[in-house]
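Accompanying notes for the structure given below.
The values are calculated or read from the model by the stated rules, or taken from the named source; none is laboratory data. As the structure is a computational prediction, the values presented were derived from the model and not from experiment. Methodologically, a virtual Cβ is constructed for each residue, glycine included, from the backbone with ideal geometry; neighbour enumeration extends over all protein chains shown. Calculation scope for accessible area: heavy atoms of the full protein, side chains included, ligands and nucleic acids excluded. Shrake-Rupley method; radii C 1.70, N 1.55, O 1.52, S 1.80 Å.
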Amino acid sequence: MRVWIDISNSPQVLFFRPLIALLEQREHDVSVTTRDYAQTLELLQLHGIPHEVVGPGHGGAGAWGKGRAMATRVSALRRFARGRRFDVGLSHASHELPLVARSLGIPSAYAFDYEFARVQHGVGCRAATRVVVPDAIPQDRLDRLGARTRKVRRYPGLKEEYYLSGFEPDEAVLDDLHLDRVRILAVVRTPPEVSLYHRHESPLFADVLQRVGSEPSMQAVVLPRTQEQREAILTAALPSLVVPEHAVDAQSLVALADLVVSAGGTMNREAVALGVPVYTTFAGRLGAVDEQLIREGRLRPLRSADELRLEKRPAGAKPAGRDPSLLLDQLLTALEG
């Protein structure tokens, strides 16, 4: 079977990494397309995933720029896919693939786990053959996106529990960043400022940086999303902040951390899957997955930087993961009927 996967953002690399390996073990022919955005290319190279860059990068924060970049990339992806005789197309929040796949008669599965990115998911859900989501997302929220019950397939738990199943952290990441293992280690992820769904600016994240960056007993590794964020953090010159120069093994870093503070979603859920205390500073509307994690006490909403518990994390039992082959089978069998 010829499988086409489009990876358009950094977190999708980790989602597809074990699935690509499984597809190749099953002797399927896998082609991966991508775009130059955030750390996507670096991560694909880091994990040894062959890929082809197709179309422009991100269109910026404005709706007009996003729309123009999307139209250009859809055309480029169509030129790429035409004539390659793909049997299926798979994507996680890359809405361009379902559009192109539909125009070429290729069955496609469109996965996501945050339902309030309504513009992109409205496009992806309507164009895709099937929509694959966590079982935490209520059907009425999917109906608004054009994903009616007959089109939806669900999987239990978090996607991060599948791709981090059996994960063993590599402590070399601590040495690569010249971190002091005696000090408290925090991992901090910046807000998704260029996303349409994240419009509510808040001083909370700046307060978090000030607190962890000024605490002598700590080292806080900050993972910016854009070059502009990186430059702003470096300009602050806070003594306890560490800003990597290149993409790092973030999953090992999270697994070895004492706490995680993130304004996004993926790193929050990776910390949950790895059993690390995690605080969310997300200022937009929480999705159903995060709402459930908060109810279960596995994710902590942060309202003030003073609420952070800056302490070493005791060693604990390793959380049980989920078999990634079950997720892959859900994606593929969703296209069978």
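Filtering segment 218-228 down to residues that are of a type outside the set (Val, Ile, Thr) and either open to solvent by less than 30 Å² (accessible area, probe 1.4 Å) or in a loop (DSSP other than H, G, I, E, B) (or both), which residue is farthest from VAL260 (Cα to Cα)?
Among residues in segment 218-228 that are of a type outside the set (Val, Ile, Thr) and either open to solvent by less than 30 Å² (accessible area, probe 1.4 Å) or in a loop (DSSP other than H, G, I, E, B) (or both), the one farthest from VAL260 (Cα to Cα) is ARG225.
Check segment 304-326 and report whether any residue there is open to solvent by less than 50 Å² (accessible area, probe 1.4 Å), among the charged types (D, E, K, R) and assigned to a helix (DSSP H, G or I).
Among the residues of segment 304-326, not one is open to solvent by less than 50 Å² (accessible area, probe 1.4 Å), among the charged types (D, E, K, R) and assigned to a helix (DSSP H, G or I), which makes the answer no.
From GLU231, GLU215, which residue is acidic (Asp, Glu) and part of a helix (DSSP H, G or I)?
GLU231
Take the conditions open to solvent by 10 Å² or more (accessible area, probe 1.4 Å) and more than 29 Å from THR281 (Cβ to Cβ) and apply them to ARG126. Does it pass?
Criteria met by ARG126.
So, THR235, is that one closer than 30 Å to VAL133 by Cβ and of a type in the set (Ser, Thr, Tyr) or not? Quick ask: steps written out before the conclusion?
On the way: closer than 30 Å to VAL133 by Cβ: no; of a type in the set (Ser, Thr, Tyr): yes.
Judged against the criteria, THR235 is not a match.
So, restricting to helices (runs of 4 or more DSSP H) that lie completely within segment 94-149, which ones have at least 3 residues that are hydrophobic (A, V, I, L, M, F, W, C)? Before the answer, list the steps.
On the way: elements: 96-104, 118-127, 139-143.
The qualifying helices (runs of 4 or more DSSP H) are 96-104, 118-127.
Could you pull out the residue among ALA111, ALA93, ALA186 that is touching a residue at least 60 places away in the same chain (Cβ under 8 Å), in contact with a His (Cβ under 8 Å, 6 or more places away or on another chain) and either open to solvent by 10 Å² or more (accessible area, probe 1.4 Å) or under 30 Å from LYS312 (Cβ atoms) (or both)? Steps first, answer last, please.
Numbers: ALA111 fails: either open to solvent by 10 Å² or more (accessible area, probe 1.4 Å) or under 30 Å from LYS312 (Cβ atoms) (or both); ALA186 fails: in contact with a His (Cβ under 8 Å, 6 or more places away or on another chain).
Exactly one of ALA111, ALA93, ALA186 is touching a residue at least 60 places away in the same chain (Cβ under 8 Å), in contact with a His (Cβ under 8 Å, 6 or more places away or on another chain) and either open to solvent by 10 Å² or more (accessible area, probe 1.4 Å) or under 30 Å from LYS312 (Cβ atoms) (or both), namely ALA93.
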